[in-house]
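> If you scroll down you'll find the structure; I have some questions about it.
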Amino acid sequence: MSEPTTTAAAMVRAEGVRKSFGLVEVLKGIDLEVRTGEVFVLVGPSGSGKSTFLRCINHLEKVSGGRLSVDGELVGYRQKGERLYELRDHEVARKRRDIGMVFQHFNLFPHMTALENITEAPVQVRKEGKADARERARALLERVGLSDKAASYPSQLSGGQQQRVAIARALAMKPKLMLFDEPTSALDPELVGEVLDVMRGLAEEGMTMIVVTHEMGFAREVGDALVFMDAGVVVESGHPREVLANPQHERTKAFLSKVL
Ligand SMILES: Nc1ncnc2c1ncn2[C@@H]1O[C@H](COP(=O)(O)OP(=O)(O)O)[C@@H](O)[C@H]1O
Ligand SMILES: [Mg+2]
């Protein structure tokens, strides 16, 4: 069931989304739409609100105003007729399972092998059988090019390998949307490519992805849409190739001149 204002093809829709921490307004009315199957690149200087926006999408933060919906449903609320009811914690948790998140610091469980990191949530949260979960985890490890690392602990893996395990772990929950928050920013330069390759593969398979990144080559080649954010507002947006080649606003130009 979708709301009347939401088009079927929108995976994420933000309308005037605001977020304050105390007196500080960090998101000042974000309007954007991420279509299903799209790679949506979010760029902007540090502190502009990119991570906060991602955290609102999977309800790690509660919006202070505006409307935010994922796959046609308002984040954090259930609509019954004209009225909105705030979701309970377990309902929020259930919805969050459908959204995969990959962070700058891989956040793997250090005491678990790569395989165990991947099977943990499907078994504990989705109550999948262990044998099935392990079989799928192996397939996911193969997909991220790490078939031979199933028994390795995070400390035995490079940063690029750890991040690929983190991506496999997120995929194990069969998400309909993947959020990447600067997934390559903590990596040595020579390890960035292997992670971007995995993300490119996901994009080719049709995964809907929001990617916060400074990797403009990736944005240009893989991105379907790009938004430049600064100080809690969307400054400009468009096709990545157009925005990157021909930015319209001074703030965008200044930012791109530093990262390109
Ligand atoms: N939990 C929080 N409490 C207070 N301020 C926060 C919190 N989270 C983020 N902020 C502030 O919000 C602003 C935007 O942060 P963030 O979304 O992390 O930006 P970005 O990811 O673009 O670097 C920053 O000024 C940051 O200090
Ligand atoms: Mg951030």
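> From the set of residues in segment 29-82 that are of a type in the set (A, V, I, L, M), assigned to a loop (DSSP other than H, G, I, E, B) and touching a strand residue (DSSP E or B) at 6+ places or on another chain (Cβ under 8 Å), which is nearest to ligand 1 (Cβ to nearest atom)?
63
> Now, a different point. Please verify whether residue 179 is farther than 17 Å from residue 218 by Cβ, buried (at least 19 other Cβ atoms within 10 Å of the Cβ) and of a type in the set (A, V, I, L, M, F, W, C), treating the condition exactly as stated.
No: the conditions fail for residue 179.
> Follow-up. Among the listed residues 37, 44, which satisfies the condition of being surrounded by fewer than 23 Cβ atoms within 10 Å (Cβ to Cβ), modelled with pLDDT of 95 or more and more than 12 Å from the chain's Cα centre (by Cα)?
Exactly one residue qualifies, and that residue is 37.
> Here is a further query. Just to check your reading of the model, which residue among 95, 127 is basic (Lys, Arg), at positive phi and away from ligand 1 (no atom under 16 Å from the Cβ)?
Checking each option against the conditions leaves just 127.
> Among (1) away from ligand 2 (no atom under 16 Å from the Cβ); (2) of a type in the set (Asp, Glu); (3) crowded, with 16+ Cβ neighbours inside 10 Å, there is one condition residue 61 misses while meeting the rest; what is its number?
For residue 61, the exception is condition (1).
> To continue, here is another question. Here's a check for you: in segment 64-87, which residue that is buried (at least 17 other Cβ atoms within 10 Å of the Cβ) and among the hydrophobic types (A, V, I, L, M, F, W, C) is nearest to residue 177 (Cα to Cα)?
Looking at the filtered set, the residue picked out is 70.
> For segment 129-176, give me each residue that is charged (D, E, K, R) and surrounded by fewer than 19 Cβ atoms within 10 Å (Cβ to Cβ).
Going residue by residue through segment 129-176, those that are charged (D, E, K, R) are 130, 132, 134-136, 138, 142-143, 148-149, 164, 169, 174, 176.
Those that are charged (D, E, K, R) and surrounded by fewer than 19 Cβ atoms within 10 Å (Cβ to Cβ): 130, 132, 134, 135, 136, 138, 142, 143, 148, 174, 176.
> When segment 30-46 is examined, which residues are found to be touching a residue at least 40 places away in the same chain (Cβ under 8 Å), within 16 Å of ligand 2 (Cβ to nearest atom) and not aromatic (Phe, Trp, Tyr)?
Of everything in segment 30-46, those that are touching a residue at least 40 places away in the same chain (Cβ under 8 Å), within 16 Å of ligand 2 (Cβ to nearest atom) and not aromatic (Phe, Trp, Tyr) turn out to be 30, 41, 42, 43, 44, 45.
> Which of the strands (runs of 3 or more DSSP E) found entirely inside segment 160-260 contain at least 1 residues meeting this: modelled with pLDDT of 95 or more and not hydrophobic (A, V, I, L, M, F, W, C)? Don't jump to the end; show me each part of the working.
Numbers: elements: 177-181, 209-212, 225-230, 233-238.
Once the strands (runs of 3 or more DSSP E) in segment 160-260 are filtered for at least 1 residues that are modelled with pLDDT of 95 or more and not hydrophobic (A, V, I, L, M, F, W, C), what remains is 177-181, 225-230, 233-238.
> Given the criterion more than 16 Å from ligand 2 (Cβ to nearest atom) and either surrounded by 19 or more Cβ atoms within 10 Å (Cβ to Cβ) or closer than 22 Å to residue 184 by Cα (or both), identify the matching residue among 93, 114.
Working: 93 fails: either surrounded by 19 or more Cβ atoms within 10 Å (Cβ to Cβ) or closer than 22 Å to residue 184 by Cα (or both).
Within the list 93, 114, the selection yields 114.
The values are calculated or read from the model by the stated rules, or taken from the named source; none is laboratory data. Here the structure is a predicted model, which means the values were calculated and not measured. Virtual Cβ from ideal backbone geometry, glycine too; neighbours counted across all protein chains shown.
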